[in-house]
Amino acid sequence: MAFLATWTVAAAQSPSPPLDSIDQRLQPCMVCHGKEGRATSEGYYPRIAGKPAGYLFNQLINFRNGHRHFPMMTYLVERQTDAYLQEMADYFAGQDLPYPPPQALNVPPAVLTRGKQLVMEGDAAQRIPACRACHGERLVGVAPAVPSLLGLPRDYLMAQFGAWRNGTRRATAPDCMAEVAKSLSPTDVNAVASWLATQPVPENPKADAAFAEPPPRKCGSIPEQASTGAP
Amino acid sequence: MKKRVIAGVVLIALLVVLIWFLRPGDVQTGEAPPPLGAAPASEIEHGRALVNLADCQPCHTARGGAPFAGGRAIPTPFGVFYSPNITPDPETGIGAWSAEDFWHALHNGYSRDGRPLYPTFPYTNYTKISRRDALAMYEYLKTVPAVRQPRREHELRFPYDHRMLLIAWRRLFFRPGVFQPDPQQSPEWNRGAYLVQGVANCSACHEARNALGAIQSKTNPAGGLVLNWYAPSLTNPHEASLRDWSEADIVTLLQTGRVGMSAPGEPHAATLGPMAEVVYENLQHVDPAELHAMAVYLKALPDVESSARARPMRISSAGLEGTMKRGAKLYADHCARCHGDNGEGKPPAAPPLAGNRAVTMDSAVNPIRIVLYGGYPPGTAGNPRPFGMPPFSPTLTDTEIAAVVTYMRRSWNNNASPVSSTEVARNRTGPLW
């Protein structure tokens, strides 16, 4: 309850940004992603505040070059320089703001149990790694390029799995998330997204500085890993 | 009665034959007015600059695809065109084309295999390019990396999918001919005219087309509806005529995608939509001397009042009053913080809306689209961190957007026609640009 109060007060007290500022320049982003990029856990649009800068920058580039498809995003970023997109990513990554409470979903307990199992342990029989193996023990992501899985609406999470399966969301090869998404059944996608959307964000929502153990898959969007050739 | 019909048919047939034979001949020769900037380092470099200004790469490159390898979808009222591969790949590109083949395409609008080309490829403008310049473009295109990528068939509606109909279209609407300088005008005006009319193919978007897709500037000096946006007329003082602008401001707009907005009262404009692409992809890389020549020519274009009839009022005066009230409330809630309580704008972040031709021009397509989708002007060397307009399509209904656009078009001495929610709804569909 105290947390909720902090959240409301913070939202109400945000003043209008000065005109010649980066805040003012990024007003178009905030219509959907919320003030300072902190979309709520309701609806569709993902929160971008506090996400790792490398991850955000990669997504802006992916919208620009057609690896991700959302016409409004592509339209907004397609004619901007790398330097400006990096500045946008850095701005939202630097937002250290409280999270709203998680979604209250009416989902059968068995679905949540399966979701939790996949997130925490994976499914060895189906060659599905645990989410936390790459997204961090606390699921808040790993700097600079692996995003948090918490504080996102279920609809957004489900849509991303769908987009990876049919190739409308891609990342630099090897595209590890596309591989994982293709091996998950629709039932399991629902389980994972439902469980994640109902989890609270830990008190320190900042991404981990480094992997606790080498991640189980090779991912092209993780720079250090790609350059060292670690597994 | 029957006799009259026969006489009519015979008369029409005779007229067609007459037009067929009396059409002026092709002008194949003519030198381009010389460029006024720094001389290019080589013929290939000269070609590269022309290919850039001719906007070849953006149309002939799919999103994320190899440059010039084609495959970009170009939506038109006649269906979707897919640009072909113009890299030097011998099988799927133009690697097997001779210089003469290339000239024949640019100047006459024919493909190497003898098929007439659709005028989506603006050979109606490129025909003005001199032979020497066309060959320089050919030499440059031979140097880009060859990519094997077969062309995708156009998806056109009947009867436009019948390419041979273009033979008749060409007779009616196309006369090949290299640009002929006007000795009464300055070298700079002539260079600008050559670039604007020919190489840069400005009229391909900025002039209205008839129902058959032909540019009809003589009878209808309006802008064109292209790629879901309205390209304003460059001769209409209520649209984008540049007569009252300084040449320096015109150059700045073409080079940086934005001008003014640092102080109230000065000329101001920003490019969005397809024009933002032209600035981002091409114009920002053009020699400023060439842009200046274009500015000299554009500024000298005579003003022509549009003969298009005024848009009908589709709303009763009582209805309009209610719409204006709702619009005023929406404006105060969503727009006034940046654009000012009286549409005066807040430099440098937001342009004025009072007296802004982009808001008040006859076509309401652009104001509707800018409220629906927002957008950033291009990020250029001269404007690397542009301010942007937020999109309101996710949060406002069609009726609300119609009300707020109507309010902006009819407040603070603006006196343009109101906008209906049907018009807003129509702009919710189709690709963004």
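For segment B:394-405, the criterion of being within 30 Å of A:D82 (Cα to Cα) and either touching a residue at least 24 places away in the same chain (Cβ under 8 Å) or of a type in the set (A, V, I, L, M) (or both) is satisfied by no residue at all.
For B:A54, the test of being within 27 Å of A:I61 (Cα to Cα), modelled with pLDDT of 95 or more, buried (at least 21 other Cβ atoms within 10 Å of the Cβ) and in contact with a strand residue (DSSP E or B) (Cβ under 8 Å, 6 or more places away or on another chain) is failed. Checked against the criterion of being within 28 Å of B:Y194 (Cα to Cα) and more than 20 Å from the chain's Cα centre (by Cα), the candidates B:S42, B:S83 yield just one match: B:S42.
Taken as a whole, the structure leaves B:Y230 outside the set of residues that are part of a helix (DSSP H, G or I) and either farther than 25 Å from B:W433 by Cα or in contact with a helix residue (DSSP H, G or I) (Cβ under 9 Å, 6 or more places away or on another chain) (or both). Of the residues making up segment B:360-369, those that are in contact with a Gly (Cβ under 8 Å, 6 or more places away or on another chain) and either closer than 16 Å to B:P391 by Cα or in the same structural domain as B:T271 (by TED's automatic domain parsing) (or both) are B:N366, B:R369. Does B:A364 satisfy the condition of being more than 7 Å from chain A (Cβ to nearest Cβ), over 19 Å from B:A276 (Cβ atoms) and touching a residue at least 60 places away in the same chain (Cβ under 8 Å)? Taking the combined requirement at face value, the residue does not satisfy it. Consider segment B:367-382 and keep the residues that are in contact (Cβ under 8 Å) with a residue 60 or more places away in the chain and out of contact with any strand residue (DSSP E or B) (no Cβ under 9 Å at 6 or more places or on another chain). The one that is surrounded by the most Cβ atoms within 10 Å (Cβ to Cβ) is B:G379.
Would you be able to say whether some residue in segment A:81-88 is modelled with pLDDT under 95 and either within 11 Å of another protein chain (Cβ to nearest Cβ) or farther than 20 Å from A:V142 by Cα (or both)?
Applying the first criterion (modelled with pLDDT under 95) to segment A:81-88 yields none.
Checked segment A:81-88: no residue is modelled with pLDDT under 95 and either within 11 Å of another protein chain (Cβ to nearest Cβ) or farther than 20 Å from A:V142 by Cα (or both).
Tallying residues that are modelled with pLDDT under 90 and more than 7 Å from chain B (Cβ to nearest Cβ) within segment A:13-33 yields 5. Of the residues making up segment B:332-344, those that are within 14 Å of chain A (Cβ to nearest Cβ) and crowded, with 20+ Cβ neighbours inside 10 Å number 2.
Conditions tested, residue by residue: (1) in contact with a strand residue (DSSP E or B) (Cβ under 7 Å, 6 or more places away or on another chain); (2) over 25 Å from A:C32 (Cα atoms); (3) not assigned by TED's automatic domain parsing to the domain that holds A:A39.
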| residue | (1), (2), (3) |
| --- | --- |
| A:I128 | no, yes, yes |
| A:K182 | no, yes, yes |
| A:S194 | no, no, yes |
| A:P200 | no, no, yes |
| A:F211 | yes, yes, yes |
| A:C219 | no, yes, yes |
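Restricted to segment A:130-145, and to residues that are assigned to a helix (DSSP H, G or I) and touching a strand residue (DSSP E or B) at 6+ places or on another chain (Cβ under 7 Å), which residue is farthest from A:K206 (Cα to Cα)? Per the criteria, the residue is A:C134. Where helices (runs of 4 or more DSSP H) sit wholly within segment A:63-127, those with at least 1 residues that are closer than 30 Å to B:R369 by Cα and either of a type in the set (K, R) or in contact (Cβ under 8 Å) with a residue 60 or more places away in the chain (or both) occupy A:82-93.
Taking into account only those residues within segment B:112-143 that are more than 27 Å from B:R191 (Cα to Cα) and over 22 Å from the mean Cα position of the chain (by Cα), which is surrounded by the most Cβ atoms within 10 Å (Cβ to Cβ)?
Initial filter on segment B:112-143 (more than 27 Å from B:R191 (Cα to Cα)): B:112-118.
Right, trim to over 22 Å from the mean Cα position of the chain (by Cα) and you get B:112-116.
On the way: B:R112: 14, B:D113: 6, B:G114: 7, B:R115: 11, B:P116: 18.
The qualifying residue surrounded by the most Cβ atoms within 10 Å (Cβ to Cβ) is B:P116.
Scanning segment B:393-433 for residues that are within 14 Å of another protein chain (Cβ to nearest Cβ), out of contact with any Pro (no Cβ under 7 Å at 6 or more places or on another chain), crowded, with 18+ Cβ neighbours inside 10 Å and within 28 Å of B:V80 (Cβ to Cβ) yields a count of 3.
Of the residues making up segment A:56-82, those that are closer than 18 Å to B:P378 by Cβ, crowded, with 20+ Cβ neighbours inside 10 Å and either out of contact with any Lys or Arg (no Cβ under 8 Å at 6 or more places or on another chain) or of a type outside the set (V, I, T) (or both) are A:L60, A:F63, A:R64, A:Y75, A:L76, A:E78, A:R79, A:Q80. The set of residues from segment A:45-74 being under 16 Å from B:P391 (Cβ atoms), touching a helix residue (DSSP H, G or I) at 6+ places or on another chain (Cβ under 6 Å) and within 9 Å of chain B (Cβ to nearest Cβ) comprises A:Y45, A:T74. Selection of segment B:86-111 for residues being in contact with a Lys or Arg (Cβ under 6 Å, 6 or more places away or on another chain) and either farther than 15 Å from B:V144 by Cα or buried (at least 19 other Cβ atoms within 10 Å of the Cβ) (or both) yields B:D89, B:W97, B:D101.
Here's the yes/no breakdown for (1) over 18 Å from the mean Cα position of the chain (by Cα); (2) assigned by TED's automatic domain parsing to the domain that holds A:C32:
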{"residue": "A:G50", "(1), (2)": "no, yes"}
{"residue": "A:Y55", "(1), (2)": "no, yes"}
{"residue": "A:L60", "(1), (2)": "no, yes"}
{"residue": "A:F63", "(1), (2)": "no, yes"}
{"residue": "A:H69", "(1), (2)": "no, yes"}
{"residue": "A:Y75", "(1), (2)": "yes, yes"}
{"residue": "A:Y84", "(1), (2)": "yes, yes"}
{"residue": "A:P98", "(1), (2)": "no, no"}
{"residue": "A:P101", "(1), (2)": "no, no"}
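With the structure loaded, tell me whether B:R191 is surrounded by 13 or more Cβ atoms within 10 Å (Cβ to Cβ), over 22 Å from B:A54 (Cα atoms) and touching a residue at least 40 places away in the same chain (Cβ under 8 Å) or whether it fails that test. Here the answer is no, as B:R191 does not meet what is asked.
Taken together, A:A130, A:A104, A:A163, A:A124 contain a single residue that is touching an Asp or Glu at 6+ places or on another chain (Cβ under 8 Å) and surrounded by fewer than 19 Cβ atoms within 10 Å (Cβ to Cβ), which is A:A130.
The values are calculated or read from the model by the stated rules, or taken from the named source; none is laboratory data. Note that this is a predicted model, so its numbers are computed, not measured. Neighbour counts are summed over all protein chains in view; Cβ atoms, including those assigned to glycine, are modelled from backbone coordinates with ideal geometry.
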